Each structure stands twice: as C-alpha cells, then as structure tokens.
Amino acid sequence: EALWAGVPVLTLPQARLPSRVSFSMLKSLSLDRVLVARSLADYQDIAVRLARQWARSRSNLKDESESRVGSYQRIREHLKSSREKRRGFFDTHRWMQDFSATVRATWDIHVLVNSIAAGSRTRYHFVSAS
C-alpha cells in the first residue's frame, strides 16, 4: 500500500520473507538499485538521504543531491507513473494471469503424479496458458 500511495519503501533483503517480498516488489518497479540496501550502513545512508530530501521537498528548498538518481521526488514520480501505466508490481491483470497459469500447472502436476502413483497409463499433455 505504501508503494501504491507513492511512498518510497526501503529494504535490506535478509533471511526473512517480508524483506525478500519488498525486494521483489522494488525490483519489478526497477527501483532495486535505489531502494534496496546492501548492508545496515547502506540502509542508514539511504534512509537519512531520503528523509533529508523529503524534508527539503516540504520546505521547497533545493537539495544539492537532487540530481542524483534516486532522489525522493524522482522516486515518487516513478511510482506514480508506474501505477498509472500499470507497470511492474502494479500490473495486477498480468499478475492474475501468471498466477492462474501457475495454479493450473500445479494442479496438472498434482494430477499427473497421483495418476502415476496409482498406476494409470493415461498420457497427459501440459498446455501452457501463455
């Protein structure tokens, strides 16, 4: 929901699922180079930079690092554009098609494995939905 609202989300992928999900979302939006930290120190640096840029955007002051890729305002504009054009993570129609195809393929594999285990000689042919 934060990304949908145009709020930058910062993550440091580790062993736990939520950080990896955040990484996947940011990667699908081509923001992984900007909002994915490589270490705790990197996470802190990015967070401080974004907070300073946010504060400056609120006070209408120019930020000396505004030209850098990943400025707070540019990230917000990228998120808004991605949402409006339904790109990456925001392309829910494509996501549903891919998810449906995955569920169908998983079911087909389940049926095939069970039929083989039961000794069936029926031949199954898999059809890709894409």
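The values are calculated or read from the model by the stated rules, or taken from the named source; none is laboratory data. Values in this document were obtained by computation on a predicted structure and should not be read as measured data. Here Cβ is always computed from backbone atoms with ideal geometry, including for glycine, and neighbour counts include all displayed protein chains. These accessible areas exclude ligands, DNA and RNA; they are computed on the full protein's heavy atoms, side chains included. Shrake-Rupley method; radii C 1.70, N 1.55, O 1.52, S 1.80 Å.
Whenever a residue of the stretch 52-67 is under 15 Å from Val7 (Cβ atoms), its partners that are part of a helix (DSSP H, G or I) and at pLDDT 60 or above, lying with C-beta atoms within less than 8 angstrom and at least six residues away or across chains, give the pairs Gln53/Tyr72; Gln53/Gln73; Trp54/Tyr72; Ser57/Tyr72; Ser57/Gln73. Filtering the stretch 3-26 to residues that are crowded, with 16+ Cβ neighbours inside 10 Å, not in a loop (DSSP other than H, G, I, E, B) and not aromatic (Phe, Trp, Tyr) leaves Thr11, Ser22, Met25, Leu26.
Out of the residues in the stretch 77-115 that are out of contact with any helix residue (DSSP H, G or I) (no Cβ under 7 Å at 6 or more places or on another chain), open to solvent by less than 80 Å² (accessible area, probe 1.4 Å) and touching a residue at least 40 places away in the same chain (Cβ under 8 Å), state the one that is farthest from Trp4 (Cα to Cα). Across the stretch 77-115, the extreme among qualifying residues is His78. What about Asp42, is it among the charged types (D, E, K, R) and modelled with pLDDT under 80? Here the answer is no, as Asp42 does not meet what is asked. One residue stands out among those in the stretch 58-96 that are aliphatic (A, V, I, L, M) and at pLDDT below 80: the one that is farthest from Asp42 (Cα to Cα), which is Leu61.
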